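The structure under discussion appears below in the form of C-alpha cells.
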Amino acid sequence: MPLNAHKLATQYPDSALSIGLNIAEGNGRSTWAKGGLADIVVGAYDVNTRRLAEFFKSIDNPVYLRIGYEFDGTWNARYESSSSYISAYRRIVDVLPGDGVSNVTFVWQAIASPVDEVIEGRTENIQDSYPGDSYIDWLSLSWFLPPDEVAKLVKSQGQLSDEVLNLAREKNKLVMIAESAPQGYGLKTLTRANSGVLWNEKAGSGRIEKDADVIWQEWFSPFFEYIRDNHDVIKSAAYINTDWDV
C-alpha cells in the first residue's frame, strides 16, 4: 500500500488520498493478528504508525484516513468489542499528530449495510463505537444497495445511512461516502444478479437483463439523489468501478 499511495500522491499532486487502515484481527474466517487491538493500545505498533506518519509528511496531498473502516461490519473480527476498537482508534490518532502530521483528516466509517444486519440478526447502535468528537473529523459510510431495497425484515440502505447522517449533524461533522458500488449489477453486460444467500440467493445467480436506463433509475439516480438531498453534510463520495456479485 505505501508504494501505491506514494505513486498516486506523486503522479496526481493536486489530488486527495483516501486510505483505509485495517486494524481488524481477522475476517470471521481466518485470524491474522490475534490480540492486535490490545497491542495497538499499549503501543506495540507505534513504530508502524510513525512510519505512516513519515509517509504523510513526505507528501503535500491532503489525506483522508479511515481508521478501522466499517467498524460495524461483523466480518471485521474484534471490532465487536467497542471499547477495544475505540482505544485502538484513539491510540493511532494520538500518535500521528504527535509526530508532526498536519495533512490528515480522520474519518470514522460505518458499513451502514442491511446485509450486516441480516448476518448479525440485530440493529447496532453505531454510537457505541464512537471514539469521541476530538478524534473524528468526518463520518462516513459504505453504499452498495438501492436505498429502499429491503429483505429479511431489516433496515434499508437508506435508513442505515440516515443514522450516520443524523449523527453527523448532531456532532457538526461532515460526511464522506467512502465506498460505493452497484452491487449485483453488471454494467458491461447490462444485467442484475443475486447478491448472496444472506440477502436473496447465491451470489451471481438469477441473472436477468437490465436496460441501461433501468439500471440508472434503480441504483445511480437514487444514489445521486441521496447525495443531493443531504448536501448539507455529504461533501465527498468515492465510487468503486467494479462488477460485484454478477
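For the stretch 75-196, what does the convex hull of the Cα positions come to per residue, in cubic angstrom? Please list the in-between numbers first.
Working: hull volume 16.3 nm³, N = 122.
Enclosed volume per residue, from the Cα hull, is 133 Å³.
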Tilt, helix 2-11 to longest principal axis of the chain (alpha-carbon atoms), in degrees rounded to tens, equals 80 degrees
Charge dipole of the chain built from unit charges on the beta carbon (Lys, Arg +1; Asp, Glu -1), centred at mean Cα; most positive-end Cα among 17, 36, 126 is 36
Which entries of 155/235; 7/235; 34/155; 171/202 show an alpha-carbon separation above 28 angstrom in the structure shown?
34/155; 171/202
Taking only protein heavy atoms into account and a 1.4 Å probe, give the accessible area per residue of the chain in Å².
50 Å²
Using a 1.4 Å probe on the protein heavy atoms only, what accessible surface does residue 130 show? Give it in Å² to the nearest 10.
30 Å²
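Could you grab the relative contact order for the stretch 111-231? Cα pairs under 8 Å, six or more apart, rounded to a whole percent.
Dividing the mean separation by the residue count of the stretch 111-231 yields 24 percent.
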How many angstrom separate the Cα center of the stretch 87-102 from the Cα center of the stretch 54-79?
12 Å
For helix 46-58, what angle does its Cα long axis make with the longest principal axis of the chain, in degrees from 0 to 90 and rounded to 10?
80 degrees
For the chain, with all protein chains present and a 1.4 Å probe, just round the carbon and sulfur fraction of the accessible area to a whole percent.
49 percent
On a 0 to 90° scale, report how tilted helix 157-171 is relative to the longest principal axis of the chain, with both axes built from alpha carbons and the result rounded to the nearest 10.
30 degrees
Among 105, 95, 115, pick out the residue whose Cα is farthest towards the positive end of the charge dipole of the stretch 82-139, where Lys and Arg carry +1 and Asp and Glu carry -1 on C-beta, about the Cα centre.
95
What is the dipole size for the chain, taken about its Cα centre, with +1 at each Lys and Arg Cβ and -1 at each Asp and Glu Cβ, in debye to the nearest 20?
600 debye
A convex hull over the alpha carbons of the stretch 161-206 yields, per residue, a volume in Å³ of 95 Å³
Among (1) 13.7; (2) 15.3; (3) 19.3, which is the computed mean projected area of the Cα convex hull in nm²?
(1)
Quick check on the chain: helices-only [θ] at 222 nm, where DSSP H runs of length 4 and up contribute -39,500 (n - 2.57) each and the sum goes over total residues. Nearest 500, please.
-9500 deg cm²/dmol
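Could you work out the relative contact order of the chain? I mean the mean sequence separation of Cα pairs under 8 Å and 6+ apart, divided by the number of residues, in percent.
Reported as a whole number, the value is 15 percent.
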Sorted by chain and number, the residues with a modelled amide H under 5 Å from that of residue 71, at a separation of 5 or more or across chains, are 109, 111
Separation of the stretch 30-51 and the stretch 105-167 by C-alpha centroid, Å?
25 Å
Mind listing P(r) for the stretch 3-57? All alpha-carbon pairs, 10 Å bins, whole percents.
19, 39, 29, 12
Under a Cβ-only charge scheme (Lys and Arg +1, Asp and Glu -1), can you give me the dipole magnitude of the stretch 1-108 about the Cα centre, in debye to the nearest 20?
180 debye
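The values are calculated or read from the model by the stated rules, or taken from the named source; none is laboratory data. As the structure is a computational prediction, the values presented were derived from the model and not from experiment. Cβ coordinates were reconstructed from backbone atoms using ideal geometry, including for glycine residues, and neighbour counts include every protein chain displayed. Calculation scope for accessible area: heavy atoms of the full protein, side chains included, ligands and nucleic acids excluded. Shrake-Rupley method; radii C 1.70, N 1.55, O 1.52, S 1.80 Å.
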